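> Mind having a look at this structure? Questions to follow.
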Amino acid sequence: MKKTIVGMVLLIVCALFAGGCSKDDASQIKIGLIAELTGDIPAVGASCKNAAEMAVAEVNAAGGIQLGDKKFKIKLIIEDNAGKADQSASAAQKLITQNKVVAIVGPNASRYALPAAEIAESGKVALITPWSTAPKATLNSRTGASKKYVFRACFIDPFQGGVVAKFTLDNLKSRKAAVLYDVASEYNKGIAEIFKAVYEQNGGKIVAFETYTTNDKDFSSQLTKIRQAAPEIIFLPNYYSEVPLQIQQAKRLGITAPFIGADAWGSEELLKLCGSDCEGYYFSTHYAADAAGETTRKFIADYRSRYSTTPDDVAALTYDSFGLLKQALATAGKNDRQAVRDALAGIPRYDGVTGIMQFREGSGDPVKSAVILKIRDGKFTWFANAKP
Amino acid sequence: MAYFFQQLLNALQLGSIYALIALGYTMVYGILTMINFAHGDLFMVGAFFCFLLAVYLKLSFVPTLLLSMLGVACLGVIIERLAYKPLRTAPRVSAIITALGVGLFLENFTLALSPYPKHIPPLLKNVTWTVGELSISSLQVLVIVLSLGLMLILDFVVWRTKAGMAMRAISWDKTIVPLMGVSVNKIISLTFAIGTGLGGAAGVLYSLAYPVIDPYMGIMVGWKAFICAVVGGIGNVRGAMIGGFILGAVEILVAAFFPSTYRDFVAFTLLLVLLILKPYGILGRPQPQKV
Amino acid sequence: MIRAKTAYRTWRDRWRRLTARKYFWPAVLTAGLAFSIAADKYDFVDLYVQLIIIYVGINIILTVSLNLINGYMGEFSVGHAGFMAVGAYTASLLTVYAFPPGLQQLLFPLAVLAGGLAAALIGFLVAIPSFKTRGDYLAIVTLAFCMIVKSVLENIDAVGGPRGLLGMEKLTTLPWVFFWTALSVWVIRNLVYSNFGRGVLSVREDEIAADLMSVNTRQVKIIAFIVSSFFAGIAGGLFAHALQFINPRMFDIIKSTDVLIMVYLGGIASIAGSVIGAVIYTILLEILRPLGVWRMVFMPLLLVVLMIYRPRGIMGLRETRLFEPLSDLATITLWRQKKKEAPDGAP
């Protein structure tokens, strides 16, 4: 018995060492993707993966990217972070040290993007997060200066929170608002605080500022408190899997005020999970499928023919991230991490399917417009644009 | 004042669900002195059965509830036969670890089959009555009434029927009972069936109240219900009910009167203090130890 | 009396004679340390494999320290992740905010030690309610404590609150992990086979009888909790600097469950068992990564099957010759012979 155990342990250790040796495939460009394929927001991960695979397939179908005098194909290595922050970190580690990728795309949710961004920064590998809007992702947590290796394809929350606050005050004419947000998640907390600051600065009054923790299902206590405060509108900067529960419980408690949200509402799953309860509400996001320009319409048509659903904002932003990487690789001319990073930092302006992105010197955050969508007849419809 | 009563109603609803799950823990513990850590995940399986029945077979509320309970009860008995029976003579902790393993297996198996959170369509029309400043929804009332009903039925079964008497006898002395003509295996399976069936019912009620279900929903709820069962005195059916309502009340009322982020902290500290004051739980019997 | 085997022919005897020499194990440990320093400096071991070995080392420390409470003392503690969290946060706060940036490499052991001490203090606090409660009630106390730690950390914004603490340097290197792992295994093994250790075992077997036999059960429980949580804190400090990011959710009941599984997988009340359990669990999980989601379906199934056929774990209650003290060897060999004749029955 003991011999078999010792033998088994030795075998496992050997297998690990053998498996650890990675083959260096110099004829391909390796790009890593970290997505939330399982966990609490799998719809986001699925969209990201689909868009990534489509982008890579397009490039490879054209023969690859021209680096120097040869064309190189892209190999996409997908890691699942299972909706956990530490798995994001270890997935980033694995992609950098074992798979030796030249750049990483993802993760999407800010609470998972932050740890991966730290690892990328210290590992000196460029990372583009398609969907994370929290400003901390591209800032050094200790010094506050911009990180050198982390970029994003979307706008940041200081801009988005301001957009929602101004829309609530000016268009919806509501002076008293309440907020219910997840205190355990970077994105929710950040944008809630920015909303509060901008709202109060411009004459509004926050009558209730309630919190819950991720994975909580029962909000009756916080919603009852909100009901006591009698707001005119309630801001729910939360993810698509939590918002339906919150809205339904609020209605059960007799709350009649309307709700407004931010870009984490943007998945089709929200409509499936919410049903008719979400009819007539607004939220801010990155792009509108039904008010698209030429390039965007082509992207939507391709995506629809491949996956038979309309792409959401995560998919569009992932596609744009890969577009940015493609341009950077072409400019850099070689399959080298530092060169790719420098080329990325040097892009001043990029026209993607989510609009025009303008990058400022020294910062990985693009300046972009936002759109306000309205949920009408069970679908996302474009309502307004908000320029920076 | 109305605010307090509203929160009290919320507490009753949450508490009834915790109590139903805690009952499952307590029943199994009372008979086998084994903590079935897979119970929280059986609760989750109940919610998923409810989803399958409601969405694919389009059944209405009562058949869904009954069939889910039956389904989870059968699953519970199968698990007991396969995984727990061989460990009846082994040290208690091994059975607990096996239970942990079964729980993990159920979670991840469900995750592998269905990674997306699922939505359960409303099975009953929800009416909200407004009494003064109070909003009472028919769903809340249903959950509370149904849970209390099931608990009363269980109380009746355990204290007034022959099978219940056999269960209580086994919890006193397992070796003597077979000599009295009682089939221990059958009674144990029955206990598991009832306990897990209640867990399944809790799953259905929970998914009615919070219609978005995912494979990991059972973990926290399961551990919290375990705490309820212990606080009430593990092995004691009435204690589990009390424990469930206490935790529900503490969670809701703490969030009502303090900032909501302190909820977990205050709730668990209160429970800890309660346990220190009453080390065997509220209704628990001190176990005499012979040297 | 043992009949000493004088046959030099079998390799087993040669191995035994070699390991019995005084200089053998110190030489092996020094060689191991030298190898790990070299591997760290010259990178001839793949970085990913290094990371896995670091995880294995951290898990060994966790498992061995939990085994002290769960295996040797017979309690059922589910709060190990809470101690780990305290250690991780203390060590990280020190390196990120208190230590000057240049000296971090040098002061890293101090940070880890501080983490261990902070966790030991908390362990002392947890030990106090453990006097009144036994068995499953102690499980609740430790469980509640674990959740309280997580909740407190989530509420303190200064340490990052629920979003966690960032900015740690990658200070956990192979040599450090090797050092701390060897140290913890050595300390706990010595503790268990000392006089104090016999007190711990007696508390497991029959607490009231031990009390009557003038074993100071209170002191035994307190010291056991302190030692166990000290090493859990050390493991936490190492973990934080390997991952470079920590948040309270990483130290919840699921992490405690992982450590529990490693302890019972390897075998309760067995140092070698703890090591084996930690190694197998960590490496198996990594190797099965290609299976994706089905990895976590397969692992618990394996665990359940193992529990059914070997309820006390792979090395339950037994020990390899390496860790047993020579003075016990005679008794243990006789006991094993007797066990072979009369199959298993009592724990």
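Read the figures in this text as sums done on the coordinates, not as results from a lab. Please read all numbers here as calculations on a predicted model, not as lab measurements. As a convention, Cβ positions derive from the backbone with ideal geometry for all residues, glycine included, and neighbour counts pool all protein chains shown.
> Return the whole-Å distance between the Cα centroid of the range A:324-388 and the Cα centroid of the range A:99-150.
Value for the Cα centre distance between the two parts: 15 Å.
> A further question follows. Once you have a ≥ b ≥ c as the square roots of the Cα gyration tensor eigenvalues for chain A, tell me rounded if a/c is under 1.5, and otherwise prolate or oblate according to whether a/b is larger than b/c. Show your work: numbers first, answer last.
Details: a/c = 1.94, a/b = 1.49, b/c = 1.30.
Cα axes put chain A in the prolate bin.
> Same structure again: Give me log10 I(q)/I(0) at q = 0.09 Å⁻¹ for the range B:2-277, Debye formula, one equal scatterer per alpha-carbon, no solvent.
-0.41
> If you don't mind, another one. Starting from the Kirkwood radius over alpha-carbon pairs of the range C:173-319, derive D by Stokes-Einstein at 10 °C in a medium of 1.306 mPa s and give it in µm² s⁻¹.
Values: Rh = 17.2 Å.
Once the numbers are plugged in, D ends up at 92 µm²/s.
> Tell me, what are the semi-axes, in whole angstrom and largest first, of the equivalent ellipsoid of the protein assembly as shown as set by the roots of 5 times the Cα gyration tensor eigenvalues? Working shown, then result.
Values: eigenvalues 435, 308, 123 Å².
Semi-axes, largest first: 47, 39, 25 Å.
> Using only the Cα atoms of the range B:191-281, build the gyration tensor, take square roots of its eigenvalues as a ≥ b ≥ c, and label the shape rounded, prolate or oblate: rounded if a/c is under 1.5, else prolate if a/b is larger than b/c, else oblate. Walk me through the numbers before you get to the answer.
Numbers: a/c = 2.27, a/b = 1.13, b/c = 2.00.
Oblate, since a/c reaches 1.5 and b/c is not below a/b.
> Among the aspartates and glutamates, which have Cα under 18 Å from the Cα of A:Lys298 when same-chain residues fewer than 8 positions away are ignored?
Correct list for A:Lys298: A:Glu53, A:Glu58, A:Asp290, A:Asp312, A:Asp313, A:Asp320, A:Asp351.
> Quantify how strongly other chains surround peptide C:138-145 by giving the mean number of their Cβ atoms within 10 Å of each of its Cβ atoms.
On the way: counts 2, 5, 12, 6, 0, 8, 13, 3.
Mean number of neighbouring Cβ atoms from other chains: 6.
> Moving on. How many times 2.2 N^0.38 Å is the alpha carbon radius of gyration of the range B:229-281?
Numbers: Rg = 11.5 Å, N = 53, 2.2 N^0.38 = 9.9 Å.
Working it through for the range B:229-281, the quotient is 1.16.
> Could I ask something else about it? For chain B, what is the calculated [θ] at 222 nm in deg cm²/dmol (nearest 500), taking -39500 (n - 2.57) for each run of four or more DSSP H residues and dividing by its residue count? Walk me through the numbers on the way to the answer.
Values: 10 runs with 201 residues, N = 291.
Helix-only estimate at 222 nm: -24000 deg cm²/dmol.
> Same structure, new question: Using the Cα centre of the protein assembly as shown as origin and beta-carbon charges of +1 (Lys, Arg) and -1 (Asp, Glu), tell me which of A:Asn81, C:Gln50, C:Ala240 is placed farthest towards the positive end of the dipole.
C:Gln50
> Given charges of +1 on the Cβ of Lys and Arg and -1 on the Cβ of Asp and Glu, with all other atoms neutral, how large is the dipole of chain C about its Cα centre, in debye to the nearest 20?
Values: 32 positive and 21 negative charges, 285 e Å.
Rounded to the nearest 20 debye, it is 1360 debye.
> What is the distance, in nm, between label points placed 7 Å from the Cα along the Cα-to-Cβ direction at B:Leu113 and at A:Asp342?
That separation, rounded to one decimal, is 5.5 nm.
> I want to verify the translational diffusion coefficient of the range A:157-285 in µm²/s; compute it with Stokes-Einstein, Rh as the Kirkwood radius over Cα pairs, at 10 °C and 1.306 mPa s.
Values: Rh = 14.2 Å.
Result for D is 112 µm²/s.
> Please list, in order, the residues from the range A:271-295 whose amide nitrogen is less than 16 Å from a point placed 7 Å along the Cα→Cβ vector of A:Asp377.
Label zone hits: A:276, A:279-281, A:289-291.
> Kindly state, to the nearest 0.05, the FRET efficiency for B:Phe257 paired with A:Glu193, given R0 = 25 Å and r defined as their beta-carbon distance. Please list the in-between numbers first.
On the way: r = 23 Å, r/R0 = 0.94.
Efficiency at R0 = 25 Å is approximately 0.60.
> Excluding A:Ala62 itself, calculate the net charge of residues whose Cβ lies under 12 Å from the Cβ of A:Ala62, where each Lys or Arg counts +1 and each Asp or Glu counts -1. Each step should come with its number before you reach the end.
Numbers: positive: A:Lys71, A:Lys73, A:Lys326; negative: A:Glu58.
Summing Lys and Arg as +1 and Asp and Glu as -1 gives +2.
> I would also like to ask the following. Spin-label point model (7 Å from Cα, Cβ direction): what's the C:Glu341 to A:Thr331 distance in nm?
Going by the 7 Å Cα→Cβ label model, 8.4 nm.
> Next up: Compute the helix-to-body angle for C:253-266: its Cα long axis versus the longest principal axis of chain C, expressed 0 to 90° and rounded to tens.
20 degrees
> Something else about it: Per DSSP helix of 4 or more residues, -39500 (n - 2.57); summed, then divided by the residues of chain A. What does that give at 222 nm, rounded to the nearest 500?
Values: 12 runs with 166 residues, N = 388.
Result for chain A: -14000 deg cm²/dmol, rounded to the nearest 500.
> Same structure, new question: In bins 10 Å wide, starting from 0, what share of all Cα pairs of the range B:1-125 does each bin hold, as a percent?
11, 34, 32, 17, 5, 0
> Turning to a different aspect of this structure: Counting only C-alpha contacts under 8 Å and six or more residues apart, can you give the relative contact order of chain C as a whole percent?
Details: 488 pairs, mean separation 97.6, N = 347.
Relative contact order for chain C comes out at 28 percent.
> With the cut-off at 28 Å, tell me which of the pairs A:Lys189/B:Lys58; A:Lys205/A:Lys379; A:Lys73/A:Lys124; C:Lys170/C:Lys221; A:Lys196/A:Lys374 have Cα atoms farther apart than that.
Exceeds cut-off: A:Lys189/B:Lys58; A:Lys205/A:Lys379; C:Lys170/C:Lys221.
> Also: How high is the relative contact order of the range A:132-241, given as a whole-number percent (alpha carbon pairs under 8 Å, six or more residues apart)? Can you show the working numbers first?
Numbers: 155 pairs, mean separation 31.5, N = 110.
Taking the mean separation of contacting Cα pairs over the length of the range A:132-241, I get 29 percent.
> Moving to a separate point now. Would you mind checking the range C:264-304 for residues with the amide N under 19 Å from a putative spin-label position 7 Å along Cα→C-beta of C:Thr320?
C:264-284, by backbone N distance to the label point.
> Expressed as a fraction of 2.2 N^0.38 Å, the rule-of-thumb size for a compact globular protein of N residues, what is the C-alpha radius of gyration of chain C? Don't jump to the answer; show the numbers that get you there.
Working: Rg = 20.8 Å, N = 347, 2.2 N^0.38 = 20.3 Å.
Output field value: 1.03.
> Moving to a separate point now. Taking the C-alpha atoms of the range C:101-253, how large are the radius of gyration and the largest Cα-Cα span, Dmax, in Å?
Answer for the range C:101-253, Rg first and Dmax second: 17.7, 56 Å.
> When the helices in chain C are scored as -39500 (n - 2.57) per DSSP H run of 4 or longer and the sum is shared across all residues, what 222 nm value do you end up with, to the nearest 500 deg cm²/dmol? Walk me through the intermediate numbers first.
On the way: 14 runs with 233 residues, N = 347.
Calculated at 222 nm, the ellipticity per residue is -22500 deg cm²/dmol.
> To continue, here is another question. Can you find, among C:Phe145, C:Thr30, C:Phe131, the residue farthest towards the positive end of the dipole of chain C? Put +1 on the C-beta of Lys and Arg, -1 on that of Asp and Glu.
C:Thr30
> Same structure again: Quick one: compute the contact order of chain B, relative version, from alpha carbon pairs under 8 angstrom and 6+ residues apart, as a percent. Intermediate values should be presented prior to the final figure.
Details: 452 pairs, mean separation 108.9, N = 291.
So the answer I get is 37 percent.
> Hey, rough spin-label estimate for A:Arg349 and A:Asp290, points 7 angstrom out along Cα→Cβ, what's it come to in nanometres?
3.1 nm
> I'd like the mean, over residues of A:106-114, of how many other protein chain beta carbons sit within 10 Å of each residue's own Cβ.
Values: counts 0, 0, 0, 0, 1, 5, 0, 0, 5.
Per residue, the average neighbour count from other chains is 1.
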